[in-house]
1. Just tell me how shielded B:92-98 is by partners: mean number of partner chain Cβ atoms within 10 Å of each residue's Cβ, no decimals.
2. Calculate the radius of gyration of the Cα atoms of chain A to one decimal place, then report Dmax, the largest Cα-Cα distance, as a whole number, both in Å.
3. Given chain B, what percent of its DSSP beta bridges are antiparallel, to the nearest 5?
4. For the ranges A:214-227, A:38-51, what's the packing order if you count other beta-carbon atoms within 10 Å of each residue, average per peptide, and put the highest first?
5. Can you tell me, using C-alpha contacts under 8 Å and at least 6 residues apart, the relative contact order of chain B as a whole percent?
6. Among B:139-145, B:286-292, A:389-395, what's the highest-first ranking by average C-beta atoms within 10 angstrom per residue?
7. Placing +1 on the Cβ of each Lys and Arg and -1 on the Cβ of each Asp and Glu in chain B, which of B:470, B:201, B:358 has its Cα farthest towards the positive end of the resulting dipole?
8. Taking beta carbons within 10 Å but only from partner chains, what does the mean come to for residues B:226-238?
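What follows draws every value from the coordinates through simple rules; no lab data is involved. Note that this is a predicted model, so its numbers are computed, not measured. In this analysis, Cβ positions are derived from the backbone assuming ideal geometry, glycine residues included, and neighbour counts consider all displayed protein chains.
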There are 2 protein chains.
Amino acid sequence: MASIVDSFKQLCISQDTDSPTAEVKSLVFKPKTPKSATPVPILVVALAETKTPANLIASETNSKDPRLARDDVFKSFFNVDNGKLFNLSHLLNLSASSEIQILIDQELVNRKDSDLVFKLNDEIKITGANLVDGFLLNDSNGFHKFAKIVDFSKEVESPSPQETAEAKKQQQKKKKEAAATAKIEDAKLIGITVDKALDFPGWYQQILTKGEMLDYYDVSGCYILRPASYAIWEKIQEYFDAKIKKIGVKNAYFPMFVSSRVLEKEKDHIEGFAPEVAWVTKAGSSDLEEPIAIRPTSETVMYPYYSKWIKSHRDLPLKLNQWNSVVRWEFKHPQPFLRTREFLWQEGHTVFLTKEEAESEVLQILDFYAGVYEELLAVPVVKGKKTEKEKFAGGEFTTTVEGYIPQTGRGIQGATSHHLGQNFSKMFNITVENPLGTEHPKVFAHQNSWGLSTRVIGVMTMIHSDNKGLVIPPRVSQYQAVVIPLGITSKTSEEQRKAIHESAKKVEARLLESGIRIFGDYNDNYTPGWKFSQYELKGVPIRIEMGPKDIEQNHVTVVRRNDSKKYTVPLDELEKRIPEILDELHDSLYSKAKESFDEHRVQVSEWKEFVPALNKKNVIVAPWCGVMECEEDIKESSGKQDDGEEIEVDDKSPSMGAKSLCIPFEQPELKPGQKCIKCDREAVNFTMFGRSY
Amino acid sequence: MASIVDSFKQLCISQDTDSPTAEVKSLVFKPKTPKSATPVPILVVALAETKTPANLIASETNSKDPRLARDDVFKSFFNVDNGKLFNLSHLLNLSASSEIQILIDQELVNRKDSDLVFKLNDEIKITGANLVDGFLLNDSNGFHKFAKIVDFSKEVESPSPQETAEAKKQQQKKKKEAAATAKIEDAKLIGITVDKALDFPGWYQQILTKGEMLDYYDVSGCYILRPASYAIWEKIQEYFDAKIKKIGVKNAYFPMFVSSRVLEKEKDHIEGFAPEVAWVTKAGSSDLEEPIAIRPTSETVMYPYYSKWIKSHRDLPLKLNQWNSVVRWEFKHPQPFLRTREFLWQEGHTVFLTKEEAESEVLQILDFYAGVYEELLAVPVVKGKKTEKEKFAGGEFTTTVEGYIPQTGRGIQGATSHHLGQNFSKMFNITVENPLGTEHPKVFAHQNSWGLSTRVIGVMTMIHSDNKGLVIPPRVSQYQAVVIPLGITSKTSEEQRKAIHESAKKVEARLLESGIRIFGDYNDNYTPGWKFSQYELKGVPIRIEMGPKDIEQNHVTVVRRNDSKKYTVPLDELEKRIPEILDELHDSLYSKAKESFDEHRVQVSEWKEFVPALNKKNVIVAPWCGVMECEEDIKESSGKQDDGEEIEVDDKSPSMGAKSLCIPFEQPELKPGQKCIKCDREAVNFTMFGRSY
């Protein structure tokens, strides 16, 4: 790779030159792509004066509605922060597994052998021959296979009347979009510049990176969890680990590698993971004769040893958990926390003598998961059971906690707890002597597995945060409070300054002592206003202001991050009131999210109401027959019924159909003879459907 | 793989047969191998009556001193627990990266096409053709390339007089060995059957697996950390994590993958790791165009982002740590905890404005590491600095805590804390504005990195455990105490039984309440004696006995695991005394280990005393010149000087030379004009040398 980068520099003109120059533009477009497909960006390299209309690009690349790419495309494909920084040399950053389409201006090719020097930007100058033949069409770097020379001066085939109507609509939409620009008017440079309501994905990326939760990484689909997010994960670990240890689960660590022979033992199970398995085939410079997989989950890693360890009913129950990372090399568009190629999670794998014990644990764990969401993250969830179609492959049944993202109106799976029945114990021969005696056949054990991943952090962030930045619920935030001294100006005497600082530091010390995660910002080089914005951006739950007036009146002013609600807290109530305020803040976040979820979880019993309700960003609770084909029909029909209106803010799934999210444990009463929402069969329960992540 | 295993079964004779049979033996030998090389086992397949003398095997395989392999060889090469369980089908378990030599009895080949049925064991019968042509010499399974047909009836070339002397010596030694058999006389089946003093590696493997600390895994060089060992790791994490958080270190998580381009950025650094890097080249069924490495350590993963995040001196110090696993695909003989292909560790990576701050942190962290060993694991260590030859590649200097394993007389590196200087900051451009102003050049940051791995568990185990099983120091053990009711016999009335159980349970409950990690074993199906052995095997620090006499006298009897010391503790002093006894136990373990280390750390100033002292299982503190060539000379000379006597119990390194372990911080005073232990140069310090892991 290094040698190619060097050669790009070598292709360029390093000295000053007197030759005439022509500016060349390099534009990156992203076409509309169904959610299930990886987007293929389009790079247009053209003379600056050449007009490159979107419809021509669309027809030349056989793609739909290409638009100028957002920063996330530049980040994920070219590893460059934004479009402004992009130049053609970044094409070399394209990951080997990515595709691209390259359109080269015919006019550029025509002039490639002239005297003209092509200017890519202020710094990069290159001859046409080097640009076109040495770089873009050079078959040693492989770009030539993506490239196509296009005559941008030609007319696009005149569209049919239908297409014209569509184009008009598009234009109107664009106008509307331009008016309601996603840019936040008075956003400061350091702050969030994208409106959550108008560009949800852009906003999400900004709050994560500017809030210093996460950074994008060199290997596509992998992200860096910075201390602000890892601290949240640690709080979740602490909470959940204590819960499971209390019921007798022990932690262990199994290797991250699985031999292919073992991995492929449970067919149903592995079928779901096979396309996403990462394979190690080399160590140092030697090829391994047999490739070794990185675990996508550890059923097949652990169960051969369960079989070895478990001999007698006295070895049961066996309850192990591990906190580790797993790898699923997904080719779908990655999204921080929600879909990443490596992610942190816990996976519990438990074995019982009886089905009853196992089933009761499945529900107990699900309650713990609901607790993580509701008690820690202030995120309301609906508990339920997955349908046969959506359950864990190879298991008996799957229970789930389901959340809801208001901006996209989509449901999101929060965590799952599976009852595996005896499927795996039969495959891996996990048996104990029959309690009736050795003359009776051995008994296959009953198993569960359950997992919760760092996805929770993404869900929490999407739900609570706002245009000022992150809002982190106080029970998981790295810091719960920041103390900021106020009222120090150029006129403040050194004595006054010291007095304010010392009062503030005393507050910090007292609260630290009482167990509040607090810090103070005593840097006089920044204004309080600047600090307010900083810590709002980072989502610190409360700020405690300490100014001359506060000192005088023996109190502090406390401001909540989520809604700027102010409290005045007398100094002698500090240790009592601050924890209360943090709890109130938690409750306030939870109520707001709950209200929104409740409002957008609508009960519908006629199919004609289904898609319109869906398009209003609702999830739907509907009577359903429980038949898998009907579920597939619902998905397809609700996808198709999207009549061209852009109902999704997230353009990765403009016409996604509704999946079943779960069969809620809390069931409305079915009317006698109630029909399924979609087909003519009788309904067997109410099922929650929705577009989803 | 599966298909080959099936085909071995298919090769065999499944029905009863009347044909004459001949027994075939399959013996595995292991030759003497220098430590740096991977041992290549020798499989001899011969008629039972054929004599297969070791010297013939040696000359046919061009190897030195082949001996019947121990269980560890069967485990690591054939994934079978011991030699008794081994049969030829296990040859298929041989990892693809392993080599083997196969010697086939000429006599067996002569008779392969006869009517004889060859009997491998009671169950496996096979025709000669299938055994020789279908399996051992079949080129589709690849064994043919390792195989050689040998006429065992031929005389070995008559040895030279020297060789005869050597052979005699060997024979004498073997006799001695046979007498002092490593088997423990009265070992029960469930307990340890190998003597720590006589077969240290065999003993180590047994206490780990029978003590349920660890299990061997399907992928060579990887091991399963079972709850008993993972709990120790959790205690270490808790301790160390609190220490580093107190000095402002924050936890984060960086991806496990590194692109080759980034990995190879720091040349000196990567040179040390390159041969051990595992490469992912495939995902699902698609080849990645560019292979991606799994981190062997995270310098190159993290520092590009440090460069991005650090802009101003206000961003410093930056102190991040992660608890993760790393992969180093070593081809040396793996050993549980000490040398494994994946291992858990923490890696801290910190950045400072000044060299002074960085250097002071290096030592602070080293103190924490010494604390892990001494305060938690009761293992004494020597703190010091590594020589230039042994320091971390790419860094400025390395500090270390060094331990000592009495049975092998070898030193062991405990944990290292590196000062990287500006080497990495220059490579990765980690700079801040010059505090003197922007007109001055940017300042490169000063960096450290430091790591402690699960190796600590292996060191602790080797040092404290004994022929009864594990001895786990109380501050890290999963359980600190077990309560066992005594005096229940067939004559005990139900009332008495209940009274004893209830008294014991009360003790358990009280101590649990007071924070002791305790459990009780109230299963009346096992005798107290059986239970004693069980929990001694598992290393529970103390057992608390509660029998009728104890109840009567209002006390409990407490027995220490390490030395069976007994205490009588009045019931009303329980909460006070038990923690004290645990502390005393810790101190007792530490003192014993310290005494042994102190005794075997000898100061030597003449070269002629060096090797003899080394051969008495000592590490050596000697005046040294500090010159790298001299260090290499010491290693080579101390290796050679091993005059054939087997000074190592661990036969993996029979004639290993002495490496420098560290330059201890605590230095004896150098005499004026003191010469180096090895060469004519003047000594610059005392350095600790030893054979090592």
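1. On the way: counts 0, 0, 1, 5, 7, 6, 1.
Per residue, the number of nearby Cβ atoms from other chains is 3 on average.
2. 29.3, 98
3. Details: 84 of 109 bridges.
Beta bridges within chain B, antiparallel portion: roughly 75 percent.
4. Working: A:214-227: 22.0, A:38-51: 18.1.
Highest mean packing first, the order is A:214-227, A:38-51.
5. Numbers: 1311 pairs, mean separation 74.4, N = 693.
Relative contact order for chain B comes out at 11 percent.
6. Values: B:139-145: 12.3, B:286-292: 16.3, A:389-395: 18.6.
Per-residue Cβ counts within 10 Å, averaged per peptide and sorted highest first, yield A:389-395, B:286-292, B:139-145.
7. With unit charges placed on the Cβ atoms, the residue in question is B:358.
8. Working: counts 7, 9, 2, 2, 9, 3, 0, 2, 4, 0, 0, 0, 0.
Shielding by partners across B:226-238 averages 3.
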